Amino acid sequence: MATDLVVNRGVKGGYVTTIWSAGGFLPLNSSVAARSANSVGEVVNEMLISDVYYGIGGANNVQFTIKRGANTVLILSGPGSGRFDFQAAGLTIETGGESSANLVVTRSGTGPATVVIKLHKRSTFTSSY
């Protein structure tokens, strides 16, 4: 399953914001620009999770598992809502090369739930535009 929505890729080397209500993955780079972190003329070398908002309603125990590659970096479960601003706190949750792996989101359980993940890109550029 693909990303629910890539909201904003931002400027090259900036941020990419995604919204998830199901599960899927976000590759750093792809020729299918609607489903990747890179913009035209950009090669994303790594991404760091900088901000996470989530809302999980109901009593159905929905859980989102956030991975970088095969490694779990965050588990969100409900009911409830919240925000993790890792960048403002000066925290990095990816370690040991995880920042260069795809973002993988797995959802379990039923009921209303959404997670918004903002990632900071570190990129090289193949064109100036």
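The values are calculated or read from the model by the stated rules, or taken from the named source; none is laboratory data. In this text the structure is predicted, and so the values were computed from the model without any measurement. Positions of Cβ are generated from backbone atoms using ideal geometry, with glycine treated the same way; all protein chains shown enter the neighbour counts.
A few comments on the model shown:
- Evaluation of VAL105 against (1) in contact with a Leu (Cβ under 9 Å, 6 or more places away or on another chain); (2) more than 17 Å from ALA37 (Cα to Cα) (one fails), failing number: (2)
- Those strands (runs of 3 or more DSSP E) of segment 44-129 in which 1 or more residues are of a type in the set (Val, Ile, Thr) occupy 63-68, 71-77, 103-108, 113-125.
- Looking only at residues in segment 1-31 that are polar (S, T, N, Q) and at pLDDT 75 or above, the one that is nearest to SER123 (Cα to Cα) is ASN29.
- Residue in segment 56-68 that is within 27 Å of PHE125 (Cβ to Cβ) and either modelled with pLDDT under 90 or touching a strand residue (DSSP E or B) at 6+ places or on another chain (Cβ under 6 Å) (or both) present: no
- Per-region count, segment 61-90, residues without any contact (Cβ under 8 Å) to a residue 40 or more places away in the chain and polar (S, T, N, Q): 5
- Scope segment 17-43; condition among the small types (Gly, Ala, Ser), surrounded by fewer than 16 Cβ atoms within 10 Å (Cβ to Cβ) and either touching a strand residue (DSSP E or B) at 6+ places or on another chain (Cβ under 8 Å) or part of a loop (DSSP other than H, G, I, E, B) (or both); matching residues: SER21, ALA22, SER30, SER31, ALA34, GLY41
- Candidates GLY111, GLY69, filtered to the one that is over 18 Å from VAL6 (Cβ atoms) and exposed (fewer than 14 other Cβ atoms within 10 Å of the Cβ): GLY111
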